[in-house]
1. I'm trying to understand the selection: among the residues of the stretch 130-162, which are of a type in the set (D, E, K, R) and more than 14 Å from residue 105 (Cα to Cα)?
2. Which one of these does residue 180 not meet: (1) at positive phi; (2) touching a Pro at 6+ places or on another chain (Cβ under 8 Å)?
3. Since residue 73 meets every condition but one in (1) in contact (Cβ under 8 Å) with a residue 40 or more places away in the chain; (2) surrounded by 18 or more Cβ atoms within 10 Å (Cβ to Cβ); (3) of a type outside the set (Ser, Thr, Tyr), which condition does it not meet?
4. Hey, does the stretch 36-59 have a residue that's modelled with pLDDT of 90 or more and surrounded by fewer than 17 Cβ atoms within 10 Å (Cβ to Cβ)?
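The values are calculated or read from the model by the stated rules, or taken from the named source; none is laboratory data. Being a predicted model, the structure only gives us computed values, none of them experimental. Counting neighbours? That spans all protein chains shown, and the Cβs are built from the backbone with ideal geometry, glycine included.
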Amino acid sequence: MIGTLYNKISGEVISQHSVQSVQSMELQLTEDYHAYLWGVVGPDEYVNHNNGDPVVAAKAAVLLIPEKKARINEQINHRYLVKWRSGFNHNGHTYQSDETSMNMIVAAAAQAERRVPQPDEGWMTSNNVWVPMDAVGFSDLATSLHTHTKRLFAIKTAKKAALAALTDLQEILDFDVDGGW
(Lines give C-alpha, C1' and ligand atoms only; values in the text may rest on other atoms or scores of the structure.)
Protein backbone atom coordinates (compact mmCIF):
# COMPACT_ATOMS: atom_id res chain seq x y z
CA MET A 1 0.00 0.00 0.00
CA ILE A 2 1.36 3.47 -0.86
CA GLY A 3 0.84 6.40 1.51
CA THR A 4 1.05 9.92 0.20
CA LEU A 5 1.69 13.07 2.23
CA TYR A 6 0.17 16.25 0.71
CA ASN A 7 0.62 19.93 1.46
CA LYS A 8 -2.85 20.98 2.73
CA ILE A 9 -2.70 24.44 1.16
CA SER A 10 -1.12 23.85 -2.23
CA GLY A 11 -2.17 20.21 -2.64
CA GLU A 12 1.27 19.25 -3.91
CA VAL A 13 2.76 15.87 -3.04
CA ILE A 14 5.40 16.15 -0.31
CA SER A 15 6.34 12.47 -0.14
CA GLN A 16 5.19 8.98 -0.94
CA HIS A 17 6.06 5.94 1.08
CA SER A 18 4.92 2.37 1.52
CA VAL A 19 2.52 1.73 4.37
CA GLN A 20 2.71 -1.65 6.07
CA SER A 21 0.27 -3.48 8.26
CA VAL A 22 0.98 -3.26 12.00
CA GLN A 23 1.84 -6.98 12.13
CA SER A 24 4.24 -6.65 9.21
CA MET A 25 5.90 -3.62 10.79
CA GLU A 26 6.21 -5.38 14.15
CA LEU A 27 7.85 -8.40 12.51
CA GLN A 28 10.23 -6.10 10.65
CA LEU A 29 11.12 -4.21 13.82
CA THR A 30 11.68 -7.46 15.71
CA GLU A 31 14.00 -8.68 12.95
CA ASP A 32 15.88 -5.36 13.06
CA TYR A 33 16.30 -5.58 16.81
CA HIS A 34 17.55 -9.17 16.64
CA ALA A 35 19.98 -8.21 13.87
CA TYR A 36 21.31 -5.53 16.22
CA LEU A 37 21.57 -7.97 19.15
CA TRP A 38 23.39 -10.55 17.06
CA GLY A 39 25.90 -7.97 15.89
CA VAL A 40 24.83 -8.10 12.25
CA VAL A 41 24.44 -4.33 12.32
CA GLY A 42 25.60 -1.62 14.69
CA PRO A 43 23.25 0.66 16.63
CA ASP A 44 23.33 3.38 13.97
CA GLU A 45 23.32 1.12 10.92
CA TYR A 46 20.35 0.37 8.75
CA VAL A 47 18.72 -2.94 7.94
CA ASN A 48 17.22 -2.95 4.45
CA HIS A 49 14.09 -4.96 3.82
CA ASN A 50 12.48 -6.11 0.58
CA ASN A 51 10.58 -2.86 0.26
CA GLY A 52 13.82 -0.87 0.61
CA ASP A 53 12.70 1.08 3.68
CA PRO A 54 15.61 1.43 6.11
CA VAL A 55 15.06 1.20 9.86
CA VAL A 56 17.69 1.97 12.47
CA ALA A 57 18.03 -1.31 14.36
CA ALA A 58 18.58 0.10 17.87
CA LYS A 59 15.60 2.41 17.53
CA ALA A 60 13.42 -0.50 16.44
CA ALA A 61 13.60 -1.86 19.98
CA VAL A 62 12.22 1.38 21.42
CA LEU A 63 9.28 1.25 18.99
CA LEU A 64 8.40 -2.29 20.04
CA ILE A 65 8.42 -1.75 23.81
CA PRO A 66 4.91 -0.23 24.28
CA GLU A 67 3.28 -2.87 22.07
CA LYS A 68 5.07 -5.77 23.77
CA LYS A 69 4.21 -4.41 27.23
CA ALA A 70 0.55 -4.06 26.25
CA ARG A 71 0.43 -7.66 25.03
CA ILE A 72 2.13 -8.97 28.16
CA ASN A 73 -0.31 -6.97 30.33
CA GLU A 74 -3.15 -8.69 28.46
CA GLN A 75 -1.50 -12.05 29.17
CA ILE A 76 -1.19 -11.16 32.87
CA ASN A 77 -4.90 -10.21 33.01
CA HIS A 78 -5.85 -13.45 31.25
CA ARG A 79 -3.65 -15.58 33.54
CA TYR A 80 -5.22 -13.86 36.58
CA LEU A 81 -8.75 -14.69 35.40
CA VAL A 82 -7.82 -18.29 34.56
CA LYS A 83 -6.21 -18.80 37.96
CA TRP A 84 -9.04 -17.04 39.78
CA ARG A 85 -11.70 -19.15 38.04
CA SER A 86 -9.76 -22.42 38.42
CA GLY A 87 -10.86 -22.91 42.01
CA PHE A 88 -9.52 -22.51 45.52
CA ASN A 89 -8.61 -24.88 48.32
CA HIS A 90 -10.35 -24.96 51.66
CA ASN A 91 -9.93 -27.64 54.33
CA GLY A 92 -8.49 -30.14 51.86
CA HIS A 93 -11.15 -29.64 49.18
CA THR A 94 -11.15 -27.63 45.96
CA TYR A 95 -14.15 -25.38 45.36
CA GLN A 96 -15.20 -23.50 42.25
CA SER A 97 -14.37 -19.79 42.17
CA ASP A 98 -16.12 -18.47 39.07
CA GLU A 99 -18.34 -15.42 39.48
CA THR A 100 -21.54 -17.39 40.03
CA SER A 101 -19.94 -19.65 42.65
CA MET A 102 -18.37 -16.66 44.36
CA ASN A 103 -21.73 -14.89 44.65
CA MET A 104 -23.41 -18.04 45.94
CA ILE A 105 -20.68 -18.70 48.54
CA VAL A 106 -20.83 -15.14 49.87
CA ALA A 107 -24.65 -15.26 49.98
CA ALA A 108 -24.60 -18.64 51.78
CA ALA A 109 -22.11 -17.31 54.34
CA ALA A 110 -24.21 -14.20 54.95
CA GLN A 111 -27.38 -16.29 55.29
CA ALA A 112 -25.69 -18.75 57.65
CA GLU A 113 -24.71 -15.88 59.97
CA ARG A 114 -28.37 -14.83 60.32
CA ARG A 115 -29.79 -18.24 61.09
CA VAL A 116 -28.72 -21.68 62.23
CA PRO A 117 -27.90 -23.85 59.19
CA GLN A 118 -29.75 -27.16 59.02
CA PRO A 119 -27.77 -30.40 59.48
CA ASP A 120 -28.13 -31.27 55.80
CA GLU A 121 -26.67 -27.99 54.56
CA GLY A 122 -23.23 -27.81 52.99
CA TRP A 123 -21.37 -27.10 49.78
CA MET A 124 -20.41 -29.14 46.72
CA THR A 125 -16.70 -29.28 45.83
CA SER A 126 -15.33 -28.98 42.30
CA ASN A 127 -15.25 -32.78 41.99
CA ASN A 128 -18.84 -33.18 43.29
CA VAL A 129 -18.15 -34.16 46.89
CA TRP A 130 -20.78 -32.90 49.35
CA VAL A 131 -19.19 -31.20 52.40
CA PRO A 132 -21.58 -30.48 55.30
CA MET A 133 -21.12 -27.01 56.85
CA ASP A 134 -22.37 -25.06 59.81
CA ALA A 135 -22.37 -21.25 60.08
CA VAL A 136 -18.64 -21.16 60.88
CA GLY A 137 -17.92 -23.50 57.95
CA PHE A 138 -19.77 -21.22 55.51
CA SER A 139 -17.98 -18.18 56.91
CA ASP A 140 -14.60 -19.91 56.65
CA LEU A 141 -15.37 -20.96 53.06
CA ALA A 142 -16.14 -17.33 52.11
CA THR A 143 -12.95 -16.19 53.88
CA SER A 144 -10.89 -18.73 51.91
CA LEU A 145 -12.43 -17.48 48.66
CA HIS A 146 -11.62 -13.90 49.65
CA THR A 147 -8.03 -14.87 50.50
CA HIS A 148 -7.72 -16.67 47.13
CA THR A 149 -8.90 -13.55 45.30
CA LYS A 150 -6.66 -11.16 47.27
CA ARG A 151 -3.59 -13.37 46.76
CA LEU A 152 -4.06 -13.58 43.00
CA PHE A 153 -4.79 -9.84 42.75
CA ALA A 154 -1.56 -9.07 44.65
CA ILE A 155 0.43 -11.29 42.25
CA LYS A 156 -1.20 -9.63 39.23
CA THR A 157 -0.45 -6.16 40.62
CA ALA A 158 3.19 -7.06 41.37
CA LYS A 159 3.69 -8.54 37.88
CA LYS A 160 2.26 -5.43 36.23
CA ALA A 161 4.49 -3.17 38.34
CA ALA A 162 7.56 -5.25 37.51
CA LEU A 163 6.73 -5.13 33.80
CA ALA A 164 6.11 -1.37 33.89
CA ALA A 165 9.59 -0.84 35.38
CA LEU A 166 11.34 -2.66 32.52
CA THR A 167 12.90 -0.54 29.77
CA ASP A 168 14.99 -3.11 27.89
CA LEU A 169 13.19 -4.97 25.10
CA GLN A 170 14.97 -8.26 25.74
CA GLU A 171 13.99 -8.16 29.43
CA ILE A 172 10.41 -7.46 28.37
CA LEU A 173 10.46 -10.35 25.87
CA ASP A 174 11.83 -12.64 28.62
CA PHE A 175 9.22 -11.54 31.19
CA ASP A 176 7.70 -14.55 33.01
CA VAL A 177 3.93 -14.24 32.91
CA ASP A 178 3.23 -17.79 34.10
CA GLY A 179 5.57 -18.17 37.09
CA GLY A 180 4.67 -17.37 40.67
CA TRP A 181 0.91 -17.72 40.59
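1. Matches in the stretch 130-162: 150, 151, 156, 159, 160.
2. (2)
3. (2)
4. Taking the stretch 36-59 and keeping what is modelled with pLDDT of 90 or more, we get none.
Checking the stretch 36-59: not a single residue is modelled with pLDDT of 90 or more and surrounded by fewer than 17 Cβ atoms within 10 Å (Cβ to Cβ).
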